[in-house]
Amino acid sequence: MSRAALLVLADGRFPAGGHAHSGGAEEAVKAGRITGAASLEDFCRGRLHTTGLVAASLAAAAAVGVPAVELDAAADARTPSPTLRLAARRLGRQLMRAARATWPSDELDALAGEFPKGAHQPVVLGVAARSAGLGGDDAAHCAAYESVSGAATATVRLLSLDPFEATAVLARLAPEVDHVADLAVEAAAGALEQGAGALPAASAPLLEIGAEAHAGWAVRLFAS
Amino acid sequence: MSTTPGGVRARARIVARQDGRGGTSLPVLESDGPLALRRTRGSGTEARVVLVGAMSGPLGGDRFGVDAHAEEGALLRVQSAAATIALPGQSKGEAHYDVRVHVADRAEVSWLPEPLISARGSDLRVRTEADVAATGRLVLREEQVLGRAGEETGRLSSRLAVRVGGRVVLDQELACGPGAPGGWDGPAVLAGHRAVGQLVLVRPEFQERPVTPRRIGDACAVVPLAGPAALVSAVAADGLRLRRALDEALAALDRRPMNG
Amino acid sequence: MHLDHTHGGPGAVSADARRADGSRRALRIGLGGPVGSGKTATVAALCRALRDERSLAVVTNDIYTREDAEFLLKEAVLPPERISAVETGACPHTAIRDDISANLEAVEDLEDEVGPLDLVLVESGGDNLTATFSKGLVDAQIFVIDVAGGDDIPRKGGPGVTTADLLVVNKTDLAPHVGSDLGRMAADAAAQRGALPVVLQSLRSERGVADVADWVRAQLAAWTA
């Protein structure tokens, strides 16, 4: 594996569309559930252990070769909100474009052919990691970290939060990100034998409900 | 039922079958230990069962289960007489409660138990699996209340998986209480709400005409799943408000036309 | 700038001149510029001027609403299926320059759904003077400033003013009212831009958007040549 390839994939500037999404932070800010660094941290922690764990598991499973079609169906079942399913597919399609330009591979081409409107982003992330010569552990770290970094960046813009505080939140969560990635790698190994149904399905009711509320707003900064 | 050093094991079973006269019979209605099943007066073609026993359990170490199977064309409604309270037990370790619902073609199951209340110090793992044939119908409600009035919650984790025509349309897991992964009560997950619930509806017609997403109040949403199913998802301050939100959502779904 | 090959399969990357099926894709022209300089009005006027000669579509990049898209819909400059709005997460320049994936998808979806298209206009959200379009997204770009924003903008330069394929100085009818010196703006722009063209326009005048429309026609002719 190349550690530098992981940095390229995990870079917030990797052009895969993530900047336009807040991971539910915009809705939570408006509802008054995120008001500063402390509540941002709690938000990110909850997100990490629920949708973050699911995303990391899907990504790790895709990276170690669990069939993407099966994983995509598992992702659908784990994402009740149609708004979030659509966002995940859009982001998957955007990541696919960036990944094919960055690390061209037959596997990415095949996945793009299978899902012209986009597979769930974590599934694409896992296949992209594979194409970059990375492993399940890398894909899991990347997905777990993304599950919190996007919300933190968005909150900096939404609340004019001190960016140093937001970055410190991410640093404090780092050991938990590692832990979630470890769980995801374990789950991916299980899925290789038992299928994608064995992957974690941790959910966050307020993220799901909030996503539907957010989708109905006339005025918003972020796509989700 | 069997009592093992770890706790009580009990599994109740229901089989519903068309009786050939336009109604539904219950060829199997097996109570087991604390899980007692009673047939009550049905309405029209539907058989009704009330689960009466499980109020005081499950305790730590217990393993309870209920299997319900509606055979082709049968109509079954299952309710419970009171809330189920998860309590701490003598023996260490978590308790388990597994529900399995099978709905054959053209059959319909309404699985509408009272809430599950997680008492302080308890540790319960709930697993609910519904397997619905392509032309089957299902209404399944799951409500969890975290702690009795003014009480902190126990540890509760639940997984709900629904399969329609062999394809998983919903797989959701929620873990709360002491020892649950961090952030469960934070702004992304429950944010201090003490009741959380879901209502799954499987109807073949949703394949062609999925429900339109809508919100009921601040903390309840109705969404189409990826398949012929819909989900109502809600959080609330307490069990009463939760039930009100779920009832309202169900009524709205039945009023139609939710699909425009 | 255009690669003369295609990548196989759907969702080919970036600036390929041909679509996955081998046909030539639409010419993409970006319109950028500061808030309130008249980008949306220019897009609307261009649509009216060109819609009967060419197959058109528009992608808008709104900052926090769908207002630009709504304006174009309300003005009925094009049928609604030919207008698509991209959400930019509070960073309009990111969506047109640093991470163009959402815009590329919007363009490709329009071509798939209402195509074949000759021209797609990509309007940026109002931003600052440094915001330019990526060459992976558009084939040519128009930078729109206006006289009311200050007649020293051309002199100050910046990537938009200096490098855009066409600079439009808009709302010339307001120059006397805001004390802007059109002659000076034109001279400064010419000094900054060398041979690159500049159009001074007032959409309220009889000539309206005609000069910009002519420039677009020339771009189209070169694209399909």
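Bear in mind these aren't lab numbers, they're just calculated from the coordinates by the rules spelled out. Please read all numbers here as calculations on a predicted model, not as lab measurements. Quick reminder, even Gly has a Cβ in these numbers, built from the backbone with ideal geometry, and neighbours come from all protein chains shown.
Under 14 Å from a label point set 7 Å out along the Cα-to-Cβ vector of B:T3, the amide N atoms of the range B:87-103 belong to B:90-91. For chain A, the residue among A:F43, A:L173, A:Q94 whose Cα projects farthest onto the positive side of the dipole built from Cβ charges is A:Q94. For the range C:143-169 versus the range C:24-86, the spacing of their alpha-carbon centroids is 20 Å. When both bridge partners sit in the range B:2-191, DSSP labels roughly 30% of those beta bridges antiparallel. Shown in residue order for the range A:156-166 are the 3J(HN,Hα) couplings computed by the Karplus curve 6.51 cos²θ - 1.76 cosθ + 1.60 at θ = phi - 60°: 4, 6, 6, 9, 6, 5, 3, x, 5, 5, 5 Hz (x for Gly and Pro). Taking the helices alone, chain A has a mean residue ellipticity at 222 nm of -22000 deg cm²/dmol, built from -39,500 (n - 2.57) per DSSP H run of at least 4 residues and averaged over all its residues. Axis angle, to the nearest 10 degrees, between helix C:39-50 and the longest C-alpha principal axis of chain C: 60 degrees.
Our analysis of chain A gives Rg over Rh at 0.94, with the two radii drawn from alpha carbon positions and Rh computed by the Kirkwood formula.
Under the rule of -39500 (n - 2.57) per DSSP H run of 4 or more residues, summed and divided by the residues of chain B, what mean residue ellipticity at 222 nm is obtained, to the nearest 500 deg cm²/dmol? Each step should come with its number before you reach the end.
Values: 1 runs with 17 residues, N = 260.
Calculated mean residue ellipticity at 222 nm is -2000 deg cm²/dmol.
With contacts taken as Cα pairs under 8 Å at a separation of at least 6 residues, the range A:3-215 carries a relative contact order of 37 percent. Over chain C, with a Gaussian network built from C-alpha contacts below 10 Å, which listed residue (C:G208, C:G183, C:G158) shows the highest mean-square fluctuation? Judging by the Gaussian network model, the answer is C:G183. For B:A12, the residues whose amide H sits under 5 Å from its own are B:G65, B:V66, B:D67, ignoring neighbours fewer than 5 places away on the same chain, with H placed 1.01 Å from N.
Among the listed pairs A:K30/C:K74; C:K39/C:K156; C:K39/C:K171; A:K117/C:K135, which are separated by more than 22 Å between their Cα atoms?
Long pairs (Cα-Cα over 22 Å): A:K30/C:K74; A:K117/C:K135.
Amide H contacts under 5 Å for B:L225: B:A230, B:L231, restricted to partners 5 or more places along the chain or on a different chain, H placed in the peptide plane at 1.01 Å from N.
Build a GNM of chain A with springs between Cα atoms under 10 Å apart, and of A:A75, A:A98, A:A144 the one that fluctuates most is A:A98.
Taking N as the residue count of chain B, its C-alpha radius of gyration divided by 2.2 N^0.38 Å amounts to 0.99.
How much space per residue, in cubic angstrom, does the convex hull of the C-alpha atoms of chain C take up? Don't skip to the answer; put the middle values down first.
On the way: hull volume 26.2 nm³, N = 225.
About 117 Å³ per residue, rounded to a whole number.
By the Stokes-Einstein formula, at 1.306 mPa s and 10 °C, the protein assembly as shown with its Kirkwood radius over alpha-carbon pairs has D equal to 57 µm²/s. Couplings for the range B:137-147, taken from phi via the Karplus curve 6.51 cos²θ - 1.76 cosθ + 1.60 with θ = phi - 60°, read 10, 8, 10, 9, 10, 9, 10, 10, 10, 8, x Hz in order; Gly and Pro are left as x. Under 5 Å between amide hydrogens, built in the peptide plane, is the criterion, and for C:V168 it picks out C:F143, C:V144, C:I145, C:V199 among residues at least 5 positions away or on other chains.
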